[in-house]
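Let me begin by presenting the structure, written as structure tokens, before commenting on it.
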Amino acid sequence: MDELELKDLISRLTAELRRFQDEEYKILTRVFLKFSTNLFLGVRNPYVHSTAKKFYQEVKNKPIDELIDICLGLMDSNVHEIKSVAIDWLANAKKLYREKDFKTFQTMVKKYISDWADCDDFSTHVIGQYLLKYPHKIGETLTWCSSKNRWVRRSAAVSLIYPLKRGFGLAEAFVVADALLLDKDDMVQKGYGWMLKEASRNFQMEVFFYVLEHKDIMPRTALRYAIEKMPGELKAEAMKKD
């Protein structure tokens with residue numbers, strides 16, 4: 001797709017999304033995603049997803065390289081809803097992922113993620129799906145823990161949620177938790193806490209003992225997330241102050 005075709009696609013997507021604009025929701029989104037550098041149209045998620053599905057018919061048969069390039073163009077728009085369309089399209093193409101696509105997906109995380117909504121959507125539905133297909137690449141996400149970018153650090157944790165739900169990636173999850181344990185950013189704390197919570201579904205006692213070992217220094221925000229799905233007696237033990 002050349003530059004003019006891409007501009008036309010973005011223009012038509014924008015026009016369609018504007019049909020569902022909600023100014024009150026736009027204001028609320030700006031408050032809710034207060035750190036975001038995105039632009040917002042003010043469209044609720046169900047309408048964004050239905051628009052993505054409608055327009056996906058135009059691109060679903062394109063080669064994966066071309067689809068990725070189109071999605072990079074959409075991400076470059078810096079409009080929250082347009083970026084969400086791109087993430088939907090990439091998620092829909094998960095069966096076409098190749099091992100080499102990790103480099104491009106990593107670039108997207110570092111360049112285009114600017115709030116927790118972007119981060120969680122892309123990290124679970126794209127990176128997470130990629131790691132299900134290429135689990136040996138999980139180790140490459142661990143380097144994100146040292147990034148200066150809060151969203152890249154959060155992505156290191158959130159990207160492991162799908163693998164953890166499938167019963168693998170626990171060792172890497174603990175490496176991420178160790179690296180982010182004392183992170184002062186609450187968005188990162190919530191991210192690795194969420195990761196541990198999802199890990200506890202398949203590895204309850206392993207996560208419980210990890211929390212017990214670190215509870216004296218683990219931020220309470222992360223701790224509460226991590227034990228959320230545990231039985232009451234385990235929660236009480238984890239929250240007990242020595």
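In region 77-90, is there at least one residue being of a type in the set (Phe, Trp, Tyr), out of contact with any strand residue (DSSP E or B) (no Cβ under 8 Å at 6 or more places or on another chain) and under 30 Å from Pro135 (Cα atoms)? Please lay out each step first, then the result.
Going residue by residue through region 77-90, those that are of a type in the set (Phe, Trp, Tyr) are 89.
Subsequent filtering for residues that are out of contact with any strand residue (DSSP E or B) (no Cβ under 8 Å at 6 or more places or on another chain) retains 89.
Narrowing further to those that are under 30 Å from Pro135 (Cα atoms): 89.
For region 77-90, residues of a type in the set (Phe, Trp, Tyr), out of contact with any strand residue (DSSP E or B) (no Cβ under 8 Å at 6 or more places or on another chain) and under 30 Å from Pro135 (Cα atoms): present.
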Inset, instruction - Pairs only if they're at least six apart or on different chains, beta carbon under 9 angstrom, first in region 175-186 and without any contact (Cβ under 8 Å) to a residue 24 or more places away in the chain, second assigned to a helix (DSSP H, G or I); list them, first residue then second. - result: Asp178/Cys145; Asp178/His214
Legend entry - Thr141 being free of Cβ contacts under 8 Å to residues at least 12 places away in the same chain, assigned to a helix (DSSP H, G or I) and within 17 Å of the chain's Cα centre (by Cα): no
Inset, instruction - Give Glu233, Glu228 a once-over and let me know the one that is more than 26 Å from the chain's Cα centre (by Cα) and either assigned to a helix (DSSP H, G or I) or of a type outside the set (Val, Ile, Thr) (or both). - result: Glu233
Inset, instruction - Give me a count of the residues in region 144-156 that are under 11 Å from the mean Cα position of the chain (by Cα), open to solvent by 10 Å² or more (accessible area, probe 1.4 Å) and not basic (Lys, Arg). - result: 1
Legend entry - Residues of region 200-218 that turn out to be modelled with pLDDT of 95 or more, surrounded by 18 or more Cβ atoms within 10 Å (Cβ to Cβ) and either outside any helix (DSSP H, G or I) or in contact with a Lys or Arg (Cβ under 9 Å, 6 or more places away or on another chain) (or both), as a count: 4
Inset, instruction - Please determine, by comparing only the residues of region 33-81 that are among the basic types (Lys, Arg) and assigned to a helix (DSSP H, G or I), which one is least open to solvent (accessible area, probe 1.4 Å). - result: Lys54
Legend entry - Of all residues making up region 19-32, the number that are over 20 Å from Met75 (Cβ atoms), charged (D, E, K, R) and open to solvent by 90 Å² or more (accessible area, probe 1.4 Å): 3
Legend entry - Yes/no for Val175 being part of a helix (DSSP H, G or I), β-branched (Val, Ile, Thr) and open to solvent by 30 Å² or more (accessible area, probe 1.4 Å): yes
Inset, instruction - Output the number of the condition that Val85 fails; it satisfies all remaining conditions of (1) within 17 Å of the chain's Cα centre (by Cα); (2) farther than 15 Å from Ser11 by Cα. - result: (2)
Inset, instruction - Evaluate the following for Ser159: is it farther than 23 Å from Ile113 by Cβ and buried (at least 16 other Cβ atoms within 10 Å of the Cβ)? - result: no
Inset, instruction - Run Val188 past the list (1) open to solvent by 50 Å² or more (accessible area, probe 1.4 Å); (2) within 23 Å of Glu140 (Cα to Cα); (3) assigned to a helix (DSSP H, G or I) and report the number of the one that doesn't hold. - result: (1)
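The values are calculated or read from the model by the stated rules, or taken from the named source; none is laboratory data. In this text the structure is predicted, and so the values were computed from the model without any measurement. Every residue, glycine as well, gets a Cβ built from its backbone with ideal geometry; the counts of neighbours run over all protein chains shown. Accessible surface is based on the protein model in full, side chains and every heavy atom, while ligands, DNA and RNA are left aside. Shrake-Rupley method; radii C 1.70, N 1.55, O 1.52, S 1.80 Å.
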